[in-house]
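Asker: I'd like to ask you about the structure that follows.
The numbers here are math on the coordinates, done by the rules we state, and not lab data. Treat the numbers as computed from the prediction; the structure is a model and nothing was measured. All Cβ positions, glycine included, derive from the backbone under ideal geometry; neighbour counts span all protein chains shown.
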Amino acid sequence: MVGDGGTGVSTFTSNGVLYGNSAGALQVTAQGGTNSILTANAGAPSFSNSPTVLKLTATNGTFTNATSSA
């Protein structure tokens, strides 16, 4: 059973992003910096100012199977 109204947390970080933690308490990221992007790769999400884009596909856009390292 998870307390604190089912979240397991009594306070949260301002402007953070909530994410699940299996059957435990919710987790929260720190606030992202200016021009940062929320990323995750088989782990906890975090904000990055220089993410790597491995594949970018747009349904009605310009990009199709593009690769880039930003």
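Asker: Average the reciprocal distances over every distinct pair of alpha-carbons in the range 9-51, invert the result, and give the Kirkwood radius in Å.
Answerer: Across the range 9-51, the inverse of the average 1/r is 11.2 Å.
Asker: With a point put 7 Å past each Cα toward its Cβ, work out how far residue 26 is from residue 40 in nm, to one decimal.
Answerer: Distance between the two pseudo-spin positions: 1.3 nm.
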